[in-house]
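Below is one structure, written out as structure tokens, with a few remarks after it.
The values are calculated or read from the model by the stated rules, or taken from the named source; none is laboratory data. As the structure is a computational prediction, the values presented were derived from the model and not from experiment. Cβ atoms come from the backbone with ideal geometry, glycine included; neighbour counts cover every protein chain shown. Surface areas here come from the heavy atoms of the whole protein model, side chains and all, with no ligands, DNA or RNA. Shrake-Rupley method; radii C 1.70, N 1.55, O 1.52, S 1.80 Å.
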Amino acid sequence: MAARKPLIAGNWKMFGRMSDLGEIAALDAAIGAVASKVDALICPPAAFISAAASLAKGKGVLIGAQDCSAVSADSARTGELSAGMLADAGAAYVIVGHSERRTQHGEGNETVRQKADAGLAAGLTPIVCVGETRAERDGGRVAEVIGAQVRESVPAGAGIVVAYEPVWCIGGDRTPTAAEIGEVHSLIRSVLSERFGAEANGIRVLYGGAVAPKNAAEIFAVEGVDGALVGRASLKAADFSAIILAHPAAS
Ligand code: PEP
């Protein structure tokens with residue numbers, strides 16, 4: 001089986017202004033030399049995708065979106081952005097099912113899957129987020145919750161990415177232990193294999209939640225971790241490049 005190319009994705013959420021796009025140029029300067037070994041992705045707010053994509057053209061940083069509509073057809077949906085529009089603006093990837101969308105916008109597995117399908121139909125690579133809450137972990141429900149999310153929100157599709165993001169780690173300063181991360185990644189991989197057979201071997205499974213320069217190497221060393229989805233530490237090129245360069249494939 002060919003090794004999966006690591007993907008290290010940054011989610012800027014609702015942070016930043018146009019003036020912060022200089023971080024993308026700074027990131028390229030810091031990691032451009034390893035771009036053939038590690039995929040580096042920035043998902044800025046949708047308002048900046050077009051400008052970010054122009055800036056990143058021909059460089060070592062990919063640009064993606066943080067969400068898309070579940071509906072592909074041009075239609076009367078005020079404020080919605082279709083996957084086709086995001087692709088047109090220069091996005092190559094789209095994050096779907098982030099826990100903030102699941103909780104703040106009530107998006108369930110079915111909607112997440114529709115969004116991932118819409119992304120695939122527009123030629124985008126969906127990054128489907130899954131993860132348990134602290135209460136679900138404490139209640140011994142990790143396998144049940146993650147299993148259902150992977151079965152119900154991940155569509156079949158070449159190049160799709162899954163991100164394991166324990167909800168209780170996002171935005172905080174703690175991560176699960178390496179053993180806990182490894183257990184969930186192995187669970188995700190087995191559900192993917194059950195569903196997609198050999199095709200599952202090509203699916204990258206990322207870890208996300210409080211990834212920082214200080215813990216990146218330890219997380220990347222966990223078996224089955226194909227990269228990271230990074231929030232806060234992706235906003236500054238200095239931090240994000242340190243995370244990317246901590247990946248063994250970058251050395
Ligand atoms: C995220 O929002 O996906 C995330 C992982 O955030 P942070 O890295 O800030 O914990």
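For the reader, a short list of remarks on this structure follows.
- R0 of 22 Å, Cβ-Cβ distance residue 144-residue 195: FRET efficiency to nearest 0.05: 0.85
- Using a simple spin-label model with pseudo-atoms 7 Å out from Cα toward Cβ, residue 178 and residue 103 lie 2.9 nm apart.
- Accessible surface calculations at 1.4 Å, restricted to protein heavy atoms, place region 7-235 at 42 Å² per residue.
- Gyration tensor verdict on region 1-146 (Cα atoms; rounded if a/c is under 1.5, prolate if a/b is larger than b/c, oblate otherwise): oblate
- Per-residue accessible area (protein heavy atoms, 1.4 Å probe) orders 111, 103 as 103, 111, starting from the largest.
- Percent carbon-and-sulfur accessible area, region 7-235, ignoring ligands, DNA and RNA, probe 1.4 Å: 52
- Taking max minus min of the alpha-carbon positions on each principal axis, the chain gives extents of 47, 45, 36 Å, largest first.
- Computed over protein heavy atoms with a 1.4 angstrom probe, the accessible surface ordering of 117, 88, 226, largest first, is 88, 117, 226.
- Cα-based Lys proximity count in the chain, under 15 Å, for pairs eight or more positions apart or on separate chains: 4
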